[in-house]
Amino acid sequence: MNAQIAPETGLDNVKRLPTPEQIEKVIADVFEIPHALIRQAGRGRQPIPWARQLAMHFIMQYRIMNQKKVSEWYGKDHSCVSYANNLICAIAEQEGPQREEYERCCMELGKIYQPVPRINNNKL
């Protein structure tokens, strides 16, 4: 579809799924940290591990990658990715500062891309 037709059909306003890099960029902006630190090896200092866990979670929530691919993407084993996802699922159901950061990331991702699929009680 060319650019002349798209505005008439309304398809220019369709929100797309983000790429893993785009998810990392939005999360890095929310935490005001350099984007490269999210993929950096090691545990690092807060908020870097937390930002990385959020990125892993959102990549799986958007169904961009499965758990195996996410673990390869971040150079982590599958148990780290599983832990991150389960942690975020638990935090999303509680009140507190981490829940607020999670919600901020959801809001920022939803402004640019499709809304984040909401968590249900079934873990990925």
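By the count of other C-beta atoms within 10 Å, a proxy for reagent exposure, Glu93, Glu32 are ordered fewest to most as Glu32, Glu93.
Computed from the alpha carbon atoms alone, the convex hull of segment 24-112 holds 88 Å³ per residue. Each residue, Glu100 and Glu32, gets one label point 7 Å from its Cα in the Cβ direction; the gap between the two is 1.4 nm.
Taking the Cα centre of segment 24-112 as origin, sum charge times position over the Cβ atoms of Lys and Arg (+1) and Asp and Glu (-1), and report the length of that vector in debye to the nearest 20. If you can, show how the numbers build up before the last one.
Values: 12 positive and 11 negative charges, 78 e Å.
The dipole of segment 24-112 has a size of about 380 debye.
What the phi angles of segment 83-92 give under the Karplus curve with 6.51, -1.76 and 1.60, with θ = phi - 60°, is a coupling list of 4, 4, 5, 5, 4, 5, 4, 5, 5, 5 Hz, glycine and proline written as x.
Readers should treat all values here as calculations from the given coordinates under stated rules, not as data from a laboratory. Predicted model, so just to flag it, every value in this text is computed and none were measured. Backbone-built Cβ (ideal geometry, glycine too); neighbour counts: all protein chains shown.
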